[in-house]
Amino acid sequence: EWYRGLDPLLRESCRGLLRGYAPDLLPFLDVLDDAVVAPAGLATTSEPEEPKDVPPAVRELDPDPEAVYAWLGDPEGLGGLYGPEFAPRSEQAQMGREVAQALTDQQPLLIEAGTGVGKTLAYLVPLVALAVRRGSRAVVSTHTRALQSQILDQDLPRLKSLLGDKKFTLLMGRRNYLCLRQRQTFLSRPVEDMTDALKAVSFRLWLAATVDGMRDELAGHPLLSSELESLFDAADLCLPGQCYEGSNCFVQNARRRARDADVLVVNHSLLLADRLSGHTLLGEVDHLVVDEAHRLPEVVLDTHGIGVGRWRLDEIEELLGKIKGQDLAFPRIGLVANRLQLHGKEGQRAASAAEDLAK
C-alpha cells in the first residue's frame, strides 16, 4: 500500500531510471503496483510511540526534592509506570532528590553513579516535574547516540503520562540532516549503470518516506550508506534563497521543533556549538543536564580547538603570497607595510607590527 500510494510521477520516474538495465526489474515494479505491500518503515518520528503495556501514573509529581525522593521509591509512583515487577532503588531515589534540590536552588551538581542505579530516570523525573509544574525548559546533552535513543525511545515515553502535553524531541548538528543543495546535486547525478540507477531510485523512495531526513536513517542502507559523505558532509551547505523558504529544509524544521520542545535532547558537540554561536541554536534553556560528562573535555578540545598542520601552509600562501627574498617574506604584507608608512607615526608603528608579523 505504501508504494502504491506514492505519487504516480515518482513511480514512473523510478521505472524510467531502471529501464534498459539488466537484470530487468520492471516486472518486479509491476508486482508492487498490484500487490498489497506493508510500509517500508523508513520514516522516523520526532516523538517516539509510548511503550506498550505500561500502566498510567497513579498521581502527579511535585518537583519538591522530598516529593521526588518519595515518588521514585513508591510502588504507586515510579512503580505505577512499571507494574508489579517494580523494585525500588534507594540510590536512584537519593540521586533524584539531589538533582531536584540542585534544580530548585539553581546550583551546579556533579554526580557519579554506578551501573544499574537508574541515573537517567533519576534526573529526567525532576526535570519533567519542573517542566510540568513551572513551565521551565530543559536540555539533556549526551555523548553517544545509544543513550539518546534510550532517552527518546524508552525513558521519556515511559514518563509520557507525567509529561502530559509537554513536548520532547532530538536535535542534532546540521550535518546529520540532508542538505537541500546536496539533495539537488544527488538527484541530478548522471546514471551510467545499474548500480547508479538503483541508488537513484532508492534515494527518491527514501525522500518520499523520510520525515526528518536524518543521516542515521541511511547508515545501514545497502546502497546509500556509501553516499553519506556526499549527502551530508558538504563544506558549504546553506543557500539562503532556497533553504529558508517554506518547510523544505530538514535542518530548519528540526530547529523549529527543538525550540518548541520542553525537554530537548542534544549531543555534546551541538551543546558547545550553541555556546560558540551565542546560544542561537537551542533557544532559551532553564535547566541543563550533561550526561556522560566524562566525555565532555575531549569534545571541548575538538569544538574549541584550532587545527595547525602543514596543510595550513597552502592557505597561508594563498592569503599572503609566496615567500620572496629575505627582507620581507610575504609580498602582500610588504604592500600593507609600505602603505601604512605614509600615515604618520601611528601608521609607522602599524607598519612595524606588520613587518614583525611577516618575520
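The values are calculated or read from the model by the stated rules, or taken from the named source; none is laboratory data. None of the values given here were measured: they were computed from a predicted structure. Cβ sites come from the backbone with ideal geometry, for glycine too, and all protein chains shown count toward neighbours. SASA here: full protein model, heavy atoms, side chains in, ligands and nucleic acids out. Shrake-Rupley method; radii C 1.70, N 1.55, O 1.52, S 1.80 Å.
Can you tell me, using C-alpha contacts under 8 Å and at least 6 residues apart, the relative contact order of the chain as a whole percent?
18
Along the three principal axes, how long is the range 245-326 when you take its alpha carbons, biggest first, rounded to the nearest angstrom?
Taking the Cα atoms of the range 245-326, the three principal extents are 62, 40, 18 Å.
How big, in percent, is the set of alpha carbon pairs in the range 178-307 lying more than 21 Å apart?
53
To the nearest 0.05, how large is the calculated FRET efficiency for Glu192 and His304 if R₀ is 25 Å and r is the Cβ-Cβ distance? Please report the intermediate quantities before stating the final value.
On the way: r = 44 Å, r/R0 = 1.75.
That gives a FRET efficiency of 0.05.
How much accessible area per residue does the range 150-211 have, counting only protein heavy atoms and a probe of 1.4 Å, in square angstrom?
Using a 1.4 Å probe on heavy atoms only, each residue of the range 150-211 averages 42 Å².
For the chain, which whole percent of the accessible surface, found with a 1.4 angstrom probe, sits on carbon and sulfur atoms?
Working: 10700 of 20360 Å².
Carbon with sulfur: 53 percent of the solvent-accessible area.
If I take R0 = 25 Å and measure r between the Cβ atoms of Glu91 and Val290 in this structure, what FRET efficiency does the formula 1/(1 + (r/R0)^6) give, to the nearest 0.05?
Here the calculated transfer efficiency is 0.80.
At a Förster radius of 25 Å, what calculated FRET efficiency corresponds to the Cβ-Cβ distance of Leu319 and Asn248, to the nearest 0.05?
0.10
If you average 1/r over all unlike Cα pairs in the chain and invert the result, what Kirkwood radius do you get in angstrom? Could you put the intermediate results ahead of the total?
Values: mean 1/r = 0.0401 Å⁻¹.
Kirkwood radius, the chain: 24.9 Å.
How much length is gained if the chain between Ala219 and Glu76 is pulled fully straight, taking 0.36 nm per residue apart and subtracting their Cα-Cα distance, in nm to one decimal? Walk me through the numbers before you get to the answer.
Details: separation 143, 0.36 × 143 = 51.48 nm, distance 4.13 nm.
Going from the current span to full extension adds 47.4 nm.
Let me check I've understood the local charge: for Phe186, count other residues with C-beta under 9 angstrom from its C-beta, Lys and Arg +1, Asp and Glu -1. What total comes out?
Taking every other residue near Phe186 into account, the sum is +2.
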